[in-house]
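A short worksheet on the structure shown next.
The values are calculated or read from the model by the stated rules, or taken from the named source; none is laboratory data. Just so you know, these numbers come straight off a predicted model, no measurement behind them. With ideal geometry, Cβ positions are generated from the backbone for all residues, glycine too; neighbour counts draw on all protein chains shown. Areas reflect the complete protein model, heavy atoms only, side chains present, ligands, DNA and RNA absent. Shrake-Rupley method; radii C 1.70, N 1.55, O 1.52, S 1.80 Å.
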Amino acid sequence: ALSAAQITQRFDAFVSRPLLEAILKCIFDAYRTAYEECERIFDKPELKNVLPYYRLGKLNAALRAIPESLGVKATAELNSACNHYHVLLIAGGARMTASSVECAGQLPRHAIFRETYAQESQLHLFYSNDPPKEDIPLYGLILHVPDESQKQPVSVQVRFPDKAYKNCVGEPVDLFKRFPDVVASLQITSAEPMVSEPSVKPRRADKKHKSA
């Protein structure tokens, strides 16, 4: 079985720093553009409902556009129920999918595709006394946590679920700590309001005037 240090080493052997930096930038960009575009179209109640799904679409499109020259293959995969796509990133012997969570270290809700990736990979890496074979993939969850405003993430980590998809094993790969300068350049500060174009929100039906 792999130790915490060996898990990180195996991950770093497959996933380059330029690729991790690109993923981090994709996440920040998805948050920012999704909020700006939804804010132009929707009022606050509808924005709250729509934003997480719109942001997911933005992020998935950005992840699939990461160039293969960074050592990754990004594909849109349909789930077993044939009603939802997720993006699978394959970088050598590492598999990754991205999910939003409420707090760092929290596992995303159960999904058959996530549980399947965990069982196929982690069972042989973490629960065998034999040295892991090179062709066994390591599955990592790219977990991003939105801030209170929903305009940017406050945490982005890669965590490794166990084979039962109950807990995380090893140490997190914290992209905020690995790329502090990149994070600082992308974060929205209180002195930097988001610039929105003129609103084009749907017109509401005029209220009927009471008869005199």
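Numbers at a glance
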read-out	value
Within the range 11-22, tally of residues that are open to solvent by 30 Å² or more (accessible area, probe 1.4 Å), in contact with a Leu (Cβ under 8 Å, 6 or more places away or on another chain) and either assigned to a loop (DSSP other than H, G, I, E, B) or closer than 16 Å to residue 95 by Cα (or both)	2
Subset of the range 37-84 that is hydrophobic (A, V, I, L, M, F, W, C) and part of a loop (DSSP other than H, G, I, E, B) - its residue that is farthest from residue 112 (Cα to Cα)	42
All positions within the range 85-121 that are open to solvent by 20 Å² or more (accessible area, probe 1.4 Å), assigned to a strand (DSSP E or B) and within 17 Å of residue 170 (Cα to Cα)	95
Enumeration of residues in the range 156-185 that are assigned to a strand (DSSP E or B) and out of contact with any Cys (no Cβ under 8 Å at 6 or more places or on another chain)	156, 157, 158, 168, 169, 170, 171, 172, 173, 174
Long-range neighbours under 6 Å by Cβ, at least six apart or interchain, first residue of a type in the set (A, V, I, L, M, F, W, C) within the range 110-131, second exposed (fewer than 13 other Cβ atoms within 10 Å of the Cβ) and modelled with pLDDT of 85 or more	112/80
